[in-house]
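Notes to accompany the following structure.
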Amino acid sequence: MPHNEADLKIRRKRRIKKLICWLCVDLVVAVFILALLLHKPGSYDPADPNSAGLERGQVSPYLTHELSPQFYNGTQRGEPFDLMITQKGINEIVAGWGWPRMSEGVMLYAPAVIFVPGSVVLMGTANVKGVEFIVTLVLKPSIDERGFSHLLVAEVKVGAMNITWLAKPMARKMYAQRAASLPADAKSFYGKIAASVLNDEPFEPVFEVDDRRVRVEAITVYQQKLTARLVPAL
């Protein structure tokens, strides 16, 4: 019996040591994952609407004085033209859209748009029950040989953690659930953009301005700027 009791005590000690080791491993993994999720990317620099003198919901001067005239003058000529959008300008526009916003119980605010060669990076802060996470969405816009536009979601991150494998199926599921109840304007140009991002649906990039139909023929993303080639559409 004494021998058996000694063996039992040794086995118990071994089990306890193993349990402690696994708990330590789990704790380290949990801390590592939390650190990844709470990571703030160095490239994240949201525009401050107050720095441009904008009030909540006020239209950006870049949109009214630079981008809109460039766009409307180009369409009125009835010839192909290039529309150039700067990173600073688009951030000024987005900053004035009226933040924060609520979505599925999550507060979203402080958006930022970054143009890098070949990609448009969308970033923002998501507040979940008082905890802030930086969400990053990498889009790769393109026009295929049929002239249809694609807004491929190449990467989704929370902090420094890549969750693309999880986010894309969830987005498709949410879109499928809501598609039946979408309003009529879901078929609009902006609705098609949303469907392309959420459900990988290509769309014909044609829209109408003052009774003139315009097609996006090409999209090129450079460092800190994006150029769209626009042509008259039949």
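Below is a table of values for the structure above.
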read-out: Members of the range 109-120 found to be under 19 Å from E155 (Cα atoms) and either surrounded by fewer than 16 Cβ atoms within 10 Å (Cβ to Cβ) or within 12 Å of the chain's Cα centre (by Cα) (or both), listed by number; value: P111, A112, V113, I114, V116, P117, G118, S119, V120
read-out: Flag if G42 is assigned to a loop (DSSP other than H, G, I, E, B), farther than 30 Å from V231 by Cα and modelled with pLDDT under 90; value: no
read-out: Hits in the range 137-151 - residues which are among the small types (G, A, S) and surrounded by fewer than 19 Cβ atoms within 10 Å (Cβ to Cβ); value: S142, G147
read-out: Pairs with Cβ under 6 Å, 6+ apart, first in the range 75-93 and within 18 Å of D45 (Cβ to Cβ), second of a type in the set (K, R) and in a helix (DSSP H, G or I); value: none
read-out: Residue within the range 81-95 that is surrounded by 18 or more Cβ atoms within 10 Å (Cβ to Cβ), part of a loop (DSSP other than H, G, I, E, B) and at pLDDT below 90 present; value: no
read-out: Hits in the range 121-136 (condition: surrounded by 15 or more Cβ atoms within 10 Å (Cβ to Cβ) and either closer than 18 Å to K192 by Cβ or free of Cβ contacts under 8 Å to residues at least 40 places away in the same chain (or both)); value: L122, A126, N127, V135
read-out: Test: residue in the range 192-213 that is under 19 Å from E145 (Cα atoms), free of Cβ contacts under 8 Å to residues at least 60 places away in the same chain and basic (K, R); value: yes
read-out: Conditions (1) over 21 Å from the mean Cα position of the chain (by Cα); (2) under 30 Å from Y175 (Cβ atoms): number failed by R77; value: (2)
read-out: Filtered residue count, the range 96-143, keeping only those that are part of a strand (DSSP E or B) and basic (K, R); value: 2
read-out: Residue under evaluation K192, criteria (1) more than 30 Å from A35 (Cβ to Cβ); (2) surrounded by fewer than 17 Cβ atoms within 10 Å (Cβ to Cβ); (3) under 21 Å from the mean Cα position of the chain (by Cα); (4) basic (K, R), criterion not met; value: (2)
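The values are calculated or read from the model by the stated rules, or taken from the named source; none is laboratory data. All figures in this text were calculated on a predicted structure; none of them were measured in a lab. Note that we place each Cβ from the backbone using ideal geometry, even for glycine, and neighbour counts take in every protein chain shown.
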